[in-house]
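Data block below; observations after.
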Amino acid sequence: MNHRPPPPEEISDEALLALIARGDRAAFADLFGRYAGKVKGFLARGGAPMAEADEAAQEVMLAIWRRAETFDPAKAGAATWIFAIARNRRVDMARRRRPAPDPDDPQFRPDPAPPADAAAAAADRDRLVRAALDDLGPDQLAVVRLAFYDGFSHAETAAALSLPLGTVKSRLRLAMARLRGALGEDFAAELLDD
């Protein structure tokens with residue numbers, strides 16, 4: 001009985017990768033024939049110029065040759081694994097094409113230091129706010145933190161604390177009244193003037 005290997009088109013991609021992992025050049029040539037053009041098209045559709053897509057496809061195929069032993073068919077199919085390598089290569093190409101940020105761009109400059117009197121006033125204000133918050137009870141402080149520091153809506157705060165919505169609103173109203181009493185009515189206007 002004569003056992004000939006199946007024709008290349010009948011060998012699965014996963015079987016080809018297993019053969020490539022053992023250094024089988026013919027298996028690599030078969031896989032190359034199946035995927036090099038598809039990878040090049042994938043890279044070109046991602047915005048790479050054709051010459052760059054061609055070179056990158058060659059690099060992807062070389063990576064497949066070098067890393068075939070890392071392919072795990074239990075985690076992904078061969079095509080998924082191959083195109084994950086191609087996608088990573090496409091991301092690298094896009095990063096290289098992106099222009100470097102201009103260090104003279106005003107967005108990259110730090111804000112100027114505030115004048116000493118403004119910095120001292122801000123420090124005093126921060127100290128007063130911290131002290132006023134420390135004077136709140138734990139129930140009121142919890143709703144203030146979620147609503148104002150974490151940006152939760154009243155309903156989200158109620159859900160996070162497993163409280164009725166009315167209780168959350170009541171605690172917030174009481175907390176704000178206590179903070180106004182501790183900080184003064186003009187405190188909010190002072191903050192808005194900055």
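The values are calculated or read from the model by the stated rules, or taken from the named source; none is laboratory data. Predicted, not measured: the structure shown is a model, and the values here were computed from it. Because the Cβ atoms are built from the backbone with ideal geometry, glycine has one as well, and the counts that use them run over all protein chains shown.
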So Lys75 passes all but one of these: (1) free of Cβ contacts under 8 Å to residues at least 12 places away in the same chain; (2) in a helix (DSSP H, G or I); (3) basic (Lys, Arg); (4) within 27 Å of Leu17 (Cα to Cα). Which condition number does it fail?
(2)
For residues that are touching a Phe, Trp or Tyr at 6+ places or on another chain (Cβ under 8 Å) and surrounded by 10 or more Cβ atoms within 10 Å (Cβ to Cβ), tally how many sit in segment 89-124.
1
Select, from Arg125, Arg89, Arg66, the only residue that is in contact (Cβ under 8 Å) with a residue 12 or more places away in the chain, basic (Lys, Arg) and assigned by TED's automatic domain parsing to the domain that holds Ala15.
Arg89
Among the residues of segment 76-100 satisfying the criterion of being basic (Lys, Arg) and at pLDDT 90 or above, which is nearest to the chain's Cα centre (by Cα)?
Arg87
Restricting to segment 17-46, what's the tally of residues that are surrounded by fewer than 15 Cβ atoms within 10 Å (Cβ to Cβ) and either in contact with a helix residue (DSSP H, G or I) (Cβ under 7 Å, 6 or more places away or on another chain) or on the phi < 0 side of the Ramachandran plot (or both)?
9
Suppose we filter Ala155, Ala175 for residues that are surrounded by 14 or more Cβ atoms within 10 Å (Cβ to Cβ) and not in a loop (DSSP other than H, G, I, E, B); which single one remains?
Ala175
Can you work out which of the residues in segment 181-194 that are surrounded by fewer than 14 Cβ atoms within 10 Å (Cβ to Cβ) and modelled with pLDDT of 70 or more is nearest to Ala118 (Cα to Cα)?
Asp186
Scan segment 123-148 for residues that are out of contact with any His (no Cβ under 8 Å at 6 or more places or on another chain) and among the aliphatic types (A, V, I, L, M) and jot them down.
Ala123, Leu128, Val129, Ala131, Ala132, Leu133, Leu136, Leu141, Ala142, Val143, Val144, Leu146
Select from segment 22-62 the residues that are outside any loop (DSSP other than H, G, I, E, B) and among the basic types (Lys, Arg) and write down the one among them that is farthest from Ala79 (Cα to Cα).
Arg25
Checked segment 136-152 for anything part of a loop (DSSP other than H, G, I, E, B) and loosely packed, with under 13 Cβ neighbours inside 10 Å; matches are Gly137, Asp150, Gly151
